[in-house]
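Heads up, the thing below is written out as structure tokens.
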Amino acid sequence: MKGLLMSGALALAVAGPAYGLAALLTDDFSYGVTAGNLTTITTNWTAHSGAGAGWVGYQASTLSLSGYTFGGTGGAATIAAAGSEDINRAFGAQSGDIYVSALMNFSAAGTGSYFFHLKDATTNFRARVFAQNVGGALRFGLHSTSTGTYSPTDFAFNTTYLVVVHYNGTTGATDLWVLTTVPATAPTPLLSQTDATILATMEGIAIRQAGATGPTGVIDGVRVGTTWADLLPVELMNFEVK
């Protein structure tokens, strides 16, 4: 049969992004045009420490990165050195592999602390992502504890990066990528470690404000899944079957 164009529910490929089927959470921070306290603007995010004091903010402008499907619409979360509130959004109990991606842009950082991590149903944290200022350069770190191991790679402030973190609740394997492009498969991580005390189940993603030691910046386009492809789906286009 010639000239048959696949369309509708039966199409194997459609114009636009092909979202990963196993995605656990997507948050583009599309919460309106009024800036303010993120946890009062939406109930999707709740505080687990320092509630109401030095809150995590919401701005009406967004972050975007060419090729990344998420972000680029609505607003974004903001964190500051003056902040003290820590918040989280639940995605449900999940074991095995968990991948999290987000767009991040920092204007400043202190001597170093973690600002983004996975958490269980209480206050046990894993896959903590750190940031610090070293001689005017931005550096990222990773660890399961509150003491980060930092990469010697210098990144730039006021630049949007795609940050991806992976945790395996069976082996404790943890990986971090900081990217300027959107690869179809996982490249070599910026940092890797193996958790000495494994937490089998994660239930949420968290944003932390560490005070003067932590970073100041913007977080947007959060995506949680069980594979790399869930975070960075390949864009498929219409095709003709001849």
- line: By residue number, the members of the range 67-97 that are part of a loop (DSSP other than H, G, I, E, B) and either touching a His at 6+ places or on another chain (Cβ under 9 Å) or acidic (Asp, Glu) (or both) are GLU85
- prompt: So how many residues does the range 63-78 have that are more than 14 Å from the chain's Cα centre (by Cα) and either surrounded by 17 or more Cβ atoms within 10 Å (Cβ to Cβ) or closer than 19 Å to THR216 by Cα (or both)?
  reply: 2
- line: Scanning the range 204-216 residue by residue, those crowded, with 24+ Cβ neighbours inside 10 Å and farther than 20 Å from TYR167 by Cα turn out to be GLN209, GLY214, PRO215
- request: Return a yes/no flag: does the range 155-167 have any residue that is in contact with a helix residue (DSSP H, G or I) (Cβ under 9 Å, 6 or more places away or on another chain), among the hydroxyl-bearing types (Ser, Thr, Tyr) and either over 24 Å from ALA93 (Cα atoms) or crowded, with 20+ Cβ neighbours inside 10 Å (or both).
  value: no
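May I ask you to verify whether PRO183 is surrounded by 13 or more Cβ atoms within 10 Å (Cβ to Cβ) and out of contact with any strand residue (DSSP E or B) (no Cβ under 8 Å at 6 or more places or on another chain)?
Details: surrounded by 13 or more Cβ atoms within 10 Å (Cβ to Cβ): yes; out of contact with any strand residue (DSSP E or B) (no Cβ under 8 Å at 6 or more places or on another chain): yes.
Against the criterion (surrounded by 13 or more Cβ atoms within 10 Å (Cβ to Cβ) and out of contact with any strand residue (DSSP E or B) (no Cβ under 8 Å at 6 or more places or on another chain)), PRO183 qualifies.
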statement: Every listed condition ((1) out of contact with any helix residue (DSSP H, G or I) (no Cβ under 6 Å at 6 or more places or on another chain); (2) closer than 27 Å to THR145 by Cα; (3) surrounded by fewer than 18 Cβ atoms within 10 Å (Cβ to Cβ); (4) not polar (S, T, N, Q)) holds for GLU85 save (3)
statement: Expected output for the range 176-194 (first residue under 20 Å from PHE115 (Cα atoms), partner charged (D, E, K, R) and assigned to a strand (DSSP E or B), Cβ below 9 Å, 6+ apart or cross-chain) is PRO189/ASP175; LEU190/ASP175; LEU191/ASP175; SER192/ASP175; GLN193/ASP175
statement: TYR58 meets each of (1) more than 14 Å from the chain's Cα centre (by Cα); (2) crowded, with 16+ Cβ neighbours inside 10 Å; (3) at pLDDT 95 or above; (4) not in a strand (DSSP E or B) with one exception, condition (4)
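Test PHE115 against the stated conditions and say whether it is surrounded by 14 or more Cβ atoms within 10 Å (Cβ to Cβ), in a loop (DSSP other than H, G, I, E, B) and not β-branched (Val, Ile, Thr).
no
The values are calculated or read from the model by the stated rules, or taken from the named source; none is laboratory data. In this text, all values refer to a predicted model and were calculated from it rather than measured experimentally. Using ideal geometry, Cβ is built from the backbone for each residue, glycine included, and neighbour counts are taken over all protein chains shown.
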